[in-house]
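The values are calculated or read from the model by the stated rules, or taken from the named source; none is laboratory data. The model shown is predicted, which means the values in this text are computed figures rather than measured ones. Every residue, glycine as well, gets a Cβ built from its backbone with ideal geometry; the counts of neighbours run over all protein chains shown.
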Amino acid sequence: MQNPIRIVSTKKLSDKQKQQLLSANFSVSDEDFISIQNKDFEIDSINEYLIFTSQNAVESVLRNEKITDIKTKKCFCVGEKTKGLLEQNNFEVLVYSDYASELASIICNQYSKNSFTFFCGNIRRDVLPDALQLAQIKLDEVMVYETILTSHKIDFLVNGILFFSPSGVESYLEKNKMDDEICFCIGNTTAEALKYVTPNIIIANQPTAESNVMKCIEYYRQ
């Protein structure tokens with residue numbers, strides 16, 4: 001009997017996502033390789049528009065005592081799920097894109113006269129702030145959560161690994177080496193974090209966890 005394909009997910013999967021892999025006869029191990037810690041923050045003034053590049057930032061901001069004032073501002077965001085979470089909580093999303101670089105381009109081309117407040121984590125990427133700074137667009141950054149690496153040692157043979165963020169890649173590599181495993185990445189930014197580590201990178205069709213899981217199943221069904 002053929003050994004099952006062994007998949008490691010670097011974040012806990014939903015029951016549905018895990019079941020999809022199990023139904024495809026994969027063996028699945030899923031652990032959170034990063035944890036998120038919300039930070040209390042004070043905000044005295046808010047610019048014309050808000051920027052969110054993750055659901056984690058939204059969740060932290062929702063806890064703030066000035067949330068009613070914050071919600072009066074329209075939002076720019078990265079990711080469909082971030083947009084969904086904002087709208088679910090009665091924020092108005094004016095612009096959203098799948099990648100920070102795309103959002104930066106829209107802001108620089110169409111909103112260069114406006115000012116922005118960016119709610120971010122402690123290891124946010126430089127792409128968006130650097131682009132806005134270069135275009136001399138007013139941007140205030142407010143750190144609202146911390147990403148903590150929580151690496152796990154994998155002590156069995158792995159065929160494929162699901163990655164969902166550059167931090168997840170960093171955390172995995174803290175305790176594990178890479179051989180010929182196939183790395184399934186949620187998007188280009190995550191894939192970028194692996195480019196000097198392995199050539200075996202496959203990027204999901206859309207930057208969602210569901211798409212990443214489906215890409216993995218499709219790959220092994222070929």
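Annotations
- Check on Lys153, in contact with a helix residue (DSSP H, G or I) (Cβ under 6 Å, 6 or more places away or on another chain), surrounded by fewer than 17 Cβ atoms within 10 Å (Cβ to Cβ) and modelled with pLDDT of 95 or more: yes
- Residue within the range 121-133 that is assigned to a helix (DSSP H, G or I) and either over 25 Å from Phe164 (Cα atoms) or among the basic types (Lys, Arg) (or both) present: yes
- On inspection, Ser112 does not qualify as farther than 19 Å from Glu146 by Cα and in the same structural domain as Cys216 (by TED's automatic domain parsing).
- Among the residues of the range 173-209, those identified as modelled with pLDDT of 95 or more, surrounded by fewer than 17 Cβ atoms within 10 Å (Cβ to Cβ) and part of a helix (DSSP H, G or I) are Leu173, Glu174, Lys175.
- When the test is whether a residue is among the aromatic types (Phe, Trp, Tyr), free of Cβ contacts under 8 Å to residues at least 24 places away in the same chain and not assigned by TED's automatic domain parsing to the domain that holds Ile203, Tyr96 passes it.
- Residue in the range 156-172 that is under 16 Å from the mean Cα position of the chain (by Cα), in the same structural domain as Ser14 (by TED's automatic domain parsing) and surrounded by fewer than 17 Cβ atoms within 10 Å (Cβ to Cβ) present: yes
- Test: residue in the range 56-78 that is of a type in the set (S, T, N, Q), buried (at least 17 other Cβ atoms within 10 Å of the Cβ), touching a helix residue (DSSP H, G or I) at 6+ places or on another chain (Cβ under 7 Å) and closer than 21 Å to Asn188 by Cβ: no
- Test: residue in the range 101-108 that is on the phi > 0 side of the Ramachandran plot, over 17 Å from the mean Cα position of the chain (by Cα) and not hydrophobic (A, V, I, L, M, F, W, C): no
- When the range 95-150 is limited to residues that are closer than 21 Å to Lys83 by Cα and basic (Lys, Arg), the one that is surrounded by the fewest Cβ atoms within 10 Å (Cβ to Cβ) turns out to be Arg125.
- Test: residue in the range 104-119 that is part of a helix (DSSP H, G or I), of a type outside the set (Ser, Thr, Tyr) and under 25 Å from Glu210 (Cα atoms): no
- Residue satisfying condition, being of a type outside the set (S, T, N, Q) and touching a helix residue (DSSP H, G or I) at 6+ places or on another chain (Cβ under 7 Å), within set Glu170, Glu174, Glu210: Glu210
- Matching residues in the range 1-57 - criterion: being of a type in the set (Lys, Arg), at pLDDT 95 or above and closer than 19 Å to Thr150 by Cα: Lys11, Lys12
- Entirely in the range 17-91, the strands (runs of 3 or more DSSP E) that have 2 or more residues that are assigned by TED's automatic domain parsing to the domain that holds Thr117 and over 24 Å from Val169 (Cβ atoms): 49-52, 74-78
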